[in-house]
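Each remark here refers to the structure printed beneath this line.
The values are calculated or read from the model by the stated rules, or taken from the named source; none is laboratory data. Computed from a predicted model, the values in this text were never measured in an experiment. Virtual Cβ from ideal backbone geometry, glycine too; neighbours counted across all protein chains shown. For accessibility, only protein heavy atoms count, side chains too; no ligands or nucleic acids. Shrake-Rupley method; radii C 1.70, N 1.55, O 1.52, S 1.80 Å.
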Amino acid sequence: MPRHFLKVADLDREEILSLIEAAKASKGKQSGALSGKSLGLIFSKPSTRTRVSFTVAAHHLGGHCLFLSESELQLGRGETIEDTARILSGYLSGVVIRTFSQRDLEAFAAAASVPVINGLTDERHPCQALADLMTISELHADLSAVKLVYLGDGNNVAVSLMNICALVGAHVVICTPEDLACPDWALAEAKALAAASGATVETATDPEPAAAGADFLYTDVWFSMGQQKVPEKKIRLQPYQINERLLSLAKPSCRVMHCLPAHRGEEISAAVMDAPQSIVFKQAENRLHAQKELLRLLMGDAQA
Ligand code: CP
Ligand code: NVA
């Protein structure tokens with residue numbers, strides 16, 4: 001049975017921590033771990049970071065990458081997910097999928113005989129969470145002492161971030177308007193992970209007290225790919241914008257995170273995005289390093 005990475009908890013705590021340490025150590029290094037192997041990228045949504053970082057990661061490991069836009073595959077004309085998964089498993093050594101429904105991703109993985117990686121669904125973004133944790137751990141060796149506050153829309157990025165913090169034992173606060181909170185299933189999942197790790201998972205609705213004492217403030221777009229730009233949502237999320245005033249309530253050493261792409265002036269002010277406290281570009285770069293180790297773990301030749 002192939003090993004998939006469809007959600008954060010598909011790896012255990014030790015695997016995630018050792019993957020992150022390996023990613024820190026292997027920055028810029030190349031190997032032949034994927035020599036002779038091909039990785040397919042099936043994307044139904046746009047991407048800059050995920051697409052390019054996986055392509056370069058496979059290349060650094062001696063492998064080859066094929067970008068497969070869903071609309072150009074027979075999948076876009078009604079060939080089933082299961083048939084596509086079986087056929088591509090005969091050609092490829094692994095597949096990264098960016099799509100809408102987590103169920104479609106799971107259906108593909110169930111029919112595939114090669115590892116499948118979640119490159120973002122409406123529900124989760126676990127590869128982003130790996131790079132985020134790597135970025136956090138580059139600044140804080142003791143993850144149990146970290147307080148991370150996510151502000152804004154309780155979306156796919158928030159769910160995976162909450163899960164990875166819960167898995168490794170950090171203190172995570174998800175601060176959103178009540179009706180834009182992370183779904184109940186995601187909170188239940190995070191609480192279960194926290195019970196095992198000693199993490200604290202909190203939800204909040206008031207950004208100012210939530211930001212107090214934070215080591216990291218994190219935000220993401222208010223309208224995810226595929227969502228309608230409803231003006232009322234923008235108005236309601238305004239108090240959750242990470243700006244200089246909100247940042248001044250956090251620890252003086254606080255760093256600001258964003259998975260990108262950002263909308264300056266919406267979820268983050270331009271001044272904070274470009275401030276010295278912002279580590280958003282480091283996060284983006286770490287996608288490459290973390291995913292290289294993920295590919296090595298799931299698809300790599302252990303000897304290389
Ligand atoms: N953060 C992230 O996944 O970026 P892309 O949408 O550009 O891949
Ligand atoms: N929540 C955003 C993340 C983009 C990387 C989206 O799904 O569009």
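Things worth noting here:
- Amide hydrogen neighbours beyond the local backbone of Val146, cut-off 5 Å, H modeled: His171
- Low-density loop positions, trypsin sites (Lys or Arg not before Pro), the range 1-63 - DSSP coil, at most 16 other Cβ in 10 Å: Arg3, Lys27, Lys29
- When the pairs Lys24/Lys45; Lys37/Lys292; Lys147/Lys234 are compared against a 22 Å limit on Cα-Cα distance, Lys24/Lys45; Lys147/Lys234 fall above it.
- If the segment from Gln227 to Asp142 were pulled out straight at 0.36 nm per residue, it would be longer than the present Cα-Cα gap by 26.9 nm.
- Of the trypsin sites (Lys or Arg not before Pro) found in the range 153-256, those in coil by DSSP whose Cβ has at most 11 other Cβ atoms within 10 Å are Lys229.
- Whole-Hz couplings from phi, Karplus 6.51/-1.76/1.60, listed for the range 124-137; x for Gly and Pro: 8, 9, x, 5, 4, 4, 4, 5, 5, 5, 4, 5, 4, 6
- Close amide H contacts of Ile242 (hydrogens built in the peptide plane, cut-off under 5 Å, sequence separation of 5 or more or a different chain): Ile268, Ser269.
- Here the range 105-246 carries DSSP beta bridges of which approximately 0% are antiparallel, counting only pairs with both residues inside.
- Taking the range 156-304 and dividing mean pair separation by its residue count, relative contact order in percent (alpha carbons under 8 Å, at least six apart): 20
- The range 1-96: chymotrypsin sites (Phe, Trp or Tyr not before Pro) in DSSP loop, at most 13 other beta carbons within 10 Å: Tyr91
- Solvent-accessible area, 1.4 Å probe, carbon plus sulfur percent, for the range 83-127: 46
- Other-chain or far-sequence residues with amide H under 5 Å of Ser101's (modelled H): Asp122
- For the range 92-108, 3J(HN,Hα) per residue [Karplus equation, 6.51 cos²θ - 1.76 cosθ + 1.60, θ = phi - 60°, Hz, x = Gly/Pro]: 9, 9, x, 9, 9, 10, 10, 8, 8, 8, 4, 5, 5, 4, 5, 5, 4
- Each Cα pair under 8 Å and six or more residues apart adds its separation to the average, and for the chain the resulting relative contact order is 20 percent.
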